[in-house]
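What follows is one structure encoded as structure tokens, with my remarks underneath.
The values are calculated or read from the model by the stated rules, or taken from the named source; none is laboratory data. Just so it is clear, the model here is predicted, and its values are computed rather than measured. Neighbour counts are summed over all protein chains in view; Cβ atoms, including those assigned to glycine, are modelled from backbone coordinates with ideal geometry. Surface accessibility is based on the protein's heavy atoms, side chains included, excluding ligands, DNA and RNA. Shrake-Rupley method; radii C 1.70, N 1.55, O 1.52, S 1.80 Å.
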Amino acid sequence: MKANTRSGLLIFLLLSVLELRGSDRFYFQWGWNKETYSKSTIHFTNGDEYDLYWEKAKAHDKPDFNYILSPQITIPQFSFRLGVRIKDKWFVELNHDHAKYVVERNQIVRMYGTRNGQMVDENVELRWSEFNFEHTNGANFWMLMAAREFDSLFASPNFGAFAKAGGGLLYPRTDVTLFGKRFNNNFHIAGYLVGVEGSFRYYPFRHFYLDLSGKTGYAKLYQRLNGGRRKGATLLRFPGRDL
């Protein structure tokens, strides 16, 4: 299977941040994120069986914030950052976002293309039992960022900022249902992304801070592996920005 998705706006918030060392050489932060997406056009292909588009499909996230205080800390849409100082105010940062993408159920979309050699052009209702597309196990963005620290904002040591740029890989698992056939894919490296990020920090204490981050970037998912006997590929693109 191959699919091509274009989506848009992401809204992103990080909280509960801890700096690891008094030497200020390392920092670690953990938090949660919230996204919104623009309408997407999704392209599915599978050899001669079908070559179909869902046009302007609406999608939403699945934050699962009710699990934040539970032992299952990886169920909500979470993010973490791990930075290591390499020179003065420069850091190298491992940057991970566990975000979710779910095409809205029961919406009406135009589906066009070919199926079994026949032309298709009709409006269909995306009922879950027949049509579904989601990343509820996460799109899973892994990035390596160069980060520059700007401290003492507003002439105060309690406020700082970071500017970051970099790229990385996507490690998703896609759950797809098409014409009643469900394919719950395996986790695997599926593409790449590049982006820039900015964050503002408030330090109520020396080794603890709160962080509000925004990111903009471009992700290309060029392959998906379907579970079971059938194998295929997927191409997704996520241009957009985080706030």
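Among the residues of the stretch 199-215, those that are exposed (fewer than 15 other Cβ atoms within 10 Å of the Cβ) and either within 14 Å of the chain's Cα centre (by Cα) or assigned to a loop (DSSP other than H, G, I, E, B) (or both) comprise 206, 207. Given the residues 184, 158, which is the only one that is at pLDDT 85 or above and surrounded by fewer than 20 Cβ atoms within 10 Å (Cβ to Cβ)? Among 184, 158, only 158 is at pLDDT 85 or above and surrounded by fewer than 20 Cβ atoms within 10 Å (Cβ to Cβ). Within this structure, residue 125 passes the test of being modelled with pLDDT of 95 or more, of a type outside the set (A, V, I, L, M, F, W, C), open to solvent by 10 Å² or more (accessible area, probe 1.4 Å) and more than 15 Å from the chain's Cα centre (by Cα). Only one entry of 167, 138 meets the criterion of being under 30 Å from residue 49 (Cα atoms) and open to solvent by less than 50 Å² (accessible area, probe 1.4 Å), and that entry is 138.
Counting the residues of the stretch 96-122 that are in a strand (DSSP E or B), open to solvent by less than 20 Å² (accessible area, probe 1.4 Å) and either in contact (Cβ under 8 Å) with a residue 60 or more places away in the chain or closer than 18 Å to residue 168 by Cβ (or both) gives 5.
You will find that of 176, 196, the residue that is buried (at least 21 other Cβ atoms within 10 Å of the Cβ) and more than 13 Å from the chain's Cα centre (by Cα) is 176 and no other. Only residues that are part of a strand (DSSP E or B) and of a type in the set (Gly, Ala, Ser) were counted across the stretch 154-192, and they come to 8. Tell me whether the stretch 9-20 contains one or more residues that are in a loop (DSSP other than H, G, I, E, B) and at pLDDT 90 or above. So far as the stretch 9-20 goes, no, none of its residues is in a loop (DSSP other than H, G, I, E, B) and at pLDDT 90 or above. Evaluate the stretch 132-147: report whether one residue or more is outside any strand (DSSP E or B) and among the aromatic types (Phe, Trp, Tyr). So far as the stretch 132-147 goes, no, none of its residues is outside any strand (DSSP E or B) and among the aromatic types (Phe, Trp, Tyr). Exactly one condition in (1) over 19 Å from the mean Cα position of the chain (by Cα); (2) more than 21 Å from residue 214 (Cα to Cα); (3) surrounded by 14 or more Cβ atoms within 10 Å (Cβ to Cβ) is not met by residue 72; state its number. With respect to (1) over 19 Å from the mean Cα position of the chain (by Cα); (2) more than 21 Å from residue 214 (Cα to Cα); (3) surrounded by 14 or more Cβ atoms within 10 Å (Cβ to Cβ), residue 72 is out only on (3).
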